[in-house]
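This report refers to the structure that appears directly beneath it.
The values are calculated or read from the model by the stated rules, or taken from the named source; none is laboratory data. Being a predicted model, the structure only gives us computed values, none of them experimental. For neighbour counting, all protein chains shown are included, and Cβ atoms are generated from backbone atoms with ideal geometry for every residue, glycine included.
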Amino acid sequence: MTRSILSGWGGTSPSASDIVRPTDLATLRSALTTPGPRGVIARGLGRSYGDPAQNAGGSVLDLTGWDAILDVDVHAPTVRVQAGISLDRLLRAMLPLGLWLPVVPGTRQVTVGGAIAADVHGKNHHVHGSFGRHVVSMDLLLPSGDVVSLTPEGDDPDLFWATCGGMGLTGIVLATTIRLQPVETSSFVVDTERTPDLATLLERLASGDDAYTYSVAWFDTSTRGPSLGRSVITRGRSARVEDLDPSRRSHPLDFAAPQRGRVPFILPTSAVNRLSARAFNALWYAKAPRHRTGEVQDITQFFHPLDVVGDWNRLYGPRGFCQYQFVVPDAEVAAFTSAVEAIAASGHVSSLNVLKRFGPASPAPLSFPMPGWTLAVDLPVRPGLDALLDHLDALVVEAGGRVYLAKDSRTSPATLRRMYPRLDEFLTVRRRVDPHGVLRSDLSRRLDL
Amino acid sequence: MINALGAPQHLLLLGGTSDIALAIAREYARVSPALRVTLAARPGARRDAAVASLTAAGCTAVALDFDALDTAAHGTLLDGVTVDIDVAVVAFGLLGDPEQAWTEVEAARELAAVNYVGAVTTGVALGARVRAQGHGVIVALSSVAGERPRRSNFVYGSTKAGMDAFYTGLGEALREHGGRVLVVRPGFVHSRMTEGLDAAPLATTPEAVAQAVVEAVRDGKEQIWVPGTMRAVMSGLRHLPRSVFRRLPV
């Protein structure tokens with residue numbers, strides 16, 4: 001056990017926790033049944049932006065070594081894994097079998113346990129929903145030391161769904177069976193188009209998404225005036241063998257995921273400022289084709305352009321950054337537009353802005369997605385950011401929307417309650433399985449969960 | 001917990017009736033709508049008034065008995081404070097009569113006991129709390145008077161020099177435990193403590209100090225001067241030859 005300073009991917013609010021790396025069930029169980037006064041939380045690859053995977057003064061169970069692939073059923077098709085395995089490793093193992101994960105978020109560097117705890121979504125949310133929808137079953141270690149096997153329809157569906165999106169506060173997922181999708185290739189057929197302004201973008205997404213499995217828009221929040229919200233939409237589907245270049249048809253499932261360098265240390269000051277972010281926004285828009293259809297892209301190009309640069313969060317300097325991701329219902333286009341205008345007018349500039357239209361929500365009480373519009377922005381911590389984000393919170397609450405807990409690092413208990421009307425359902429389950437509050441994190445303290 | 005943008009949920013004021021401490025609480029009340037404040041001070045009308053003023057500002061204010069001179073009680077001072085302390089402000093101190101302070105034993109002892117010994121013993125208690133909770137920011141109100149002793153108030157200056165060094169070192173010690181210390185060096189502050197004194201150049205207000213503290217905590221700073229220009233001024237003054245320094249009207 002070592003005491004270390006942990007923070008989320010945004011690098012804000014570091015705190016000290018005792019890190020335990022359990023390799024057997026007995027260690028895990030005793031960590032839960034004989035906790036210290038400040039409790040225990042599980043941690044995977046630390047890609048949540050805020051404070052859910054750290055536990056100041058308490059214990060953090062690093063489960064990245066708990067990563068075996070236990071069983072593959074190529075006919076179902078499903079895979080059973082230990083929850084500490086990364087989606088990257090799992091994908092690399094499944095692709096040669098012609099199998100693909102049903103939900104892949106914006107980075108492959110997350111664990112399956114983390115994907116369940118945050119109920120992550122991907123570019124196909126409008127078709128396939130969030131991660132929890134594809135969990136066939138999971139074995140959950142409870143604070144009591146008992147292991148329960150959960151399914152969406154089993155004896156305790158409330159606990160199953162509270163665990164999806166429950167930020168690790170209902171137990172520790174030991175193993176899980178996930179439904180997979182058959183694919184012919186590791187590539188995607190992608191259509192790209194630019195839209196000159198926000199209204200066109202929203203209209204294009206509302207009318208065109210149904211034709212694609214995957215859809216997302218990169219979005220400029222720094223240009224004001226008539227070009228506000230100019231964007232690049234990329235949409236696609238899994239490629240079939242005949243879509244590929246003839247030279248690649250003999251090995252269609254090859255998986256190239258290059259990492260072309262990493263940021264070696266935390267820069268002394270943020271490299272992301274108004275100037276560089278504006279330049280990045282302008283360049284990204286300019287380099288995209290006005291309209292191109294049928295381009296074949298690999299996984300990294302299409303899904304994970306940021307995975308090419310390791311530790312890119314270090315670019316934001318020692319003060320770190322906040323990612324703010326919110327969703328508002330379909331009908332609340334006006335609120336969405338107000339939020340975008342508020343960001344553009346604030347002088348806080350984000351270089352990575354992703355917009356998507358979500359499909360139906362999951363049954364999980366703390367799951368983030370709901371049918372509507374979601375936007376994620378990365379904002380360096382600068383004076384006045386608190387006022388901007390408080391203002392956005394108010395807009396989002398007013399519109400009946402919410403922020404994503406995997407990204408949040410600053411909202412308040414009162415605001416959370418207004419964003420998640422089913423919060424009490426979650427808390428009822430949490431108090432049933434963890435009456436003494438053994439499972440605790442900085443996030444649970446901050447948000448009074 | 002303190003959030004990513006430096007808004008705490010629970011603030012502890014040691015010397016909770018000081019003008020600067022209360023200004024800091026009011027400043028935080030603006031960014032943390034449901035702020036809880038623990039006011040550690042001697043019981044009495046001043047403390048009651050401070051609790052009432054913070055309650056009126058929208059905080060949940062709770063009083064805690066604290067006497068800077070009662071060092072024997074400092075070890076257990078925080079035992080009754082069960083909520084995590086996100087930001088603790090060490091704001092108690094005496095200015096005293098500067099001539100008595102270097103000519104009368106009792107006056108000198110009291111100044112040293114409150115400003116230095118009391119600051120150190122409460123610092124030990126705060127350090128223990130930060131280690132246990134794995135996070136926390138301690139704001140120590142030092143003074144530019146501690147940077148270079150001058151004839152006019154060197155006993156006060158010496159106590160601030162000592163507490164400044166202690167909290168600077170405490171900040172280093174608490175780094176690996178998730179804690180952070182911000183040492184604040186204001187110049188002359190118009191407050192109850194300096195009432196009736198002639199203001200020095202670059203004089204500031206409790207509100208300005210409070211604003212600077214809130215910003216510095218948010219930005220993760222470990223040492224600030226208020227006003228910011230004081231840093232350059234003190235840097236210059238520190239290097240003046242004594243023969244010149246003693247002629248300055250400071």
*Give me a count of the residues in segment B:106-138 that are of a type in the set (Val, Ile, Thr), in a helix (DSSP H, G or I) and within 14 Å of another protein chain (Cβ to nearest Cβ).*
1
*Please specify each residue of segment A:71-103 satisfying the condition of being in contact with a strand residue (DSSP E or B) (Cβ under 7 Å, 6 or more places away or on another chain) and either at positive phi or in a strand (DSSP E or B) (or both).*
A:Asp71, A:Val72, A:Thr78, A:Val79, A:Arg80, A:Val81, A:Gln82, A:Ser86, A:Gly98, A:Leu99, A:Trp100
*Collect the residues in segment A:389-405 that are over 17 Å from B:Pro33 (Cβ atoms) and either at the interface with chain B (Cβ under 10 Å from one of its Cβ atoms) or aromatic (Phe, Trp, Tyr) (or both), keeping them in residue-number order.*
A:Tyr404
*Does segment B:175-189 hold any residues that are within 14 Å of chain A (Cβ to nearest Cβ), small (Gly, Ala, Ser) and either out of contact with any strand residue (DSSP E or B) (no Cβ under 7 Å at 6 or more places or on another chain) or not in a strand (DSSP E or B) (or both), and which are they?*
B:Gly178
*asked:* Name the single residue that is farthest from the other protein chains (Cβ to nearest Cβ) among those in segment B:16-56 being modelled with pLDDT under 95 and in contact with a strand residue (DSSP E or B) (Cβ under 7 Å, 6 or more places away or on another chain).
replied: B:Thr17
*Within segment A:398-422, how many residues turn out to be of a type outside the set (D, E, K, R), surrounded by 19 or more Cβ atoms within 10 Å (Cβ to Cβ) and farther than 19 Å from B:His135 by Cα?*
10
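Yes/no per residue for (1) within 14 Å of chain B (Cβ to nearest Cβ); (2) without any contact (Cβ under 8 Å) to a residue 60 or more places away in the chain; (3) in contact with a strand residue (DSSP E or B) (Cβ under 9 Å, 6 or more places away or on another chain); (4) assigned to a helix (DSSP H, G or I):
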residue: A:Pro363; (1), (2), (3), (4): no, no, no, no
residue: A:Leu366; (1), (2), (3), (4): no, no, no, no
residue: A:Thr374; (1), (2), (3), (4): no, yes, yes, no
residue: A:Leu379; (1), (2), (3), (4): yes, yes, yes, no
residue: A:Ala387; (1), (2), (3), (4): yes, yes, no, yes
residue: A:Arg418; (1), (2), (3), (4): yes, yes, yes, yes
residue: A:Arg446; (1), (2), (3), (4): yes, no, no, yes
*Output for segment A:10-34, where each listed residue is away from chain B (no Cβ under 14 Å) and not in a helix (DSSP H, G or I)*: A:Val20, A:Arg21, A:Pro22, A:Thr23, A:Asp24, A:Thr34
*Do we find a residue being in a helix (DSSP H, G or I), within 30 Å of A:Leu416 (Cα to Cα) and in contact (Cβ under 8 Å) with a residue 60 or more places away in the chain anywhere in segment B:30-49?*
yes
*asked:* Among the residues in segment A:406-416, are any more than 9 Å from chain B (Cβ to nearest Cβ) and either within 24 Å of A:Trp218 (Cβ to Cβ) or at pLDDT below 95 (or both)?
replied: yes
*asked:* Out of the residues in segment A:43-99 meeting the condition of being of a type in the set (Ser, Thr, Tyr) and within 28 Å of B:Gln133 (Cβ to Cβ), tell me which one is surrounded by the fewest Cβ atoms within 10 Å (Cβ to Cβ).
replied: A:Thr64
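Conditions tested, residue by residue: (1) within 14 Å of chain B (Cβ to nearest Cβ); (2) without any contact (Cβ under 8 Å) to a residue 24 or more places away in the chain; (3) loosely packed, with under 15 Cβ neighbours inside 10 Å.
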residue	(1), (2), (3)
A:Ile266	yes, no, no
A:Ala277	no, no, no
A:Asn281	no, no, no
A:Pro289	no, no, yes
A:Phe302	no, no, no
A:Leu306	no, no, yes
A:Gly317	yes, no, no
A:Cys322	yes, no, no
A:Val328	no, no, no
_Condition broken by A:Val433, with the remaining ones in (1) closer than 30 Å to B:Gly220 by Cα; (2) among the β-branched types (Val, Ile, Thr); (3) touching a helix residue (DSSP H, G or I) at 6+ places or on another chain (Cβ under 7 Å) satisfied_ = (1)
*In this structure, does A:Thr200 turn out to be among the polar types (S, T, N, Q) and surrounded by fewer than 23 Cβ atoms within 10 Å (Cβ to Cβ)?*
yes
